[in-house]
Amino acid sequence: MEEIDSAAKVAWNGLPSLRQLTEMTVPSVLDKTLSPPGKHVINLFIQCTPYKPLEGSWEDLLYRIEGFWVVI
């Protein structure tokens, strides 16, 4: 719980946590109707990522690709 609390506080300050919690599910493993044969659907839930980054914007593709990792 301490790590989750710490990561949340960092995110509230507009920065991504250095120890992010990521949850991944692959629902198409159980429900084959969700994707074409041989393909899968993957859901990623990344916790403790800032809603509004301190610098940059999620609207900016370059920030999403490069800037986010520079902050870390």
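The values are calculated or read from the model by the stated rules, or taken from the named source; none is laboratory data. Note that the structure is predicted; figures quoted are calculated from it, not measured. Glycine gets a Cβ as well: all are built from the backbone with ideal geometry, and neighbour counts include every protein chain shown. These area figures cover heavy atoms from the full protein model, side chains too; ligands, DNA and RNA do not enter into them. Shrake-Rupley method; radii C 1.70, N 1.55, O 1.52, S 1.80 Å.
Quick look at the values:
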{"quantity": "Of residues in region 30-58 being under 21 Å from Glu3 (Cα atoms) and aromatic (Phe, Trp, Tyr), the one most open to solvent (accessible area, probe 1.4 Å)", "calculated": "Tyr51"}
{"quantity": "Selection from region 40-57 of residues that are among the β-branched types (Val, Ile, Thr), in a loop (DSSP other than H, G, I, E, B) and under 11 Å from Pro16 (Cβ atoms)", "calculated": "Thr49"}
{"quantity": "Filtered residues of region 5-29 (kept if open to solvent by less than 70 Å² (accessible area, probe 1.4 Å) and assigned to a helix (DSSP H, G or I))", "calculated": "Ser6, Ala7, Ala8, Val10, Ala11, Pro27, Ser28"}
{"quantity": "Boolean, Pro37 is part of a loop (DSSP other than H, G, I, E, B), at pLDDT below 80, on the phi < 0 side of the Ramachandran plot and not acidic (Asp, Glu)", "calculated": "no"}
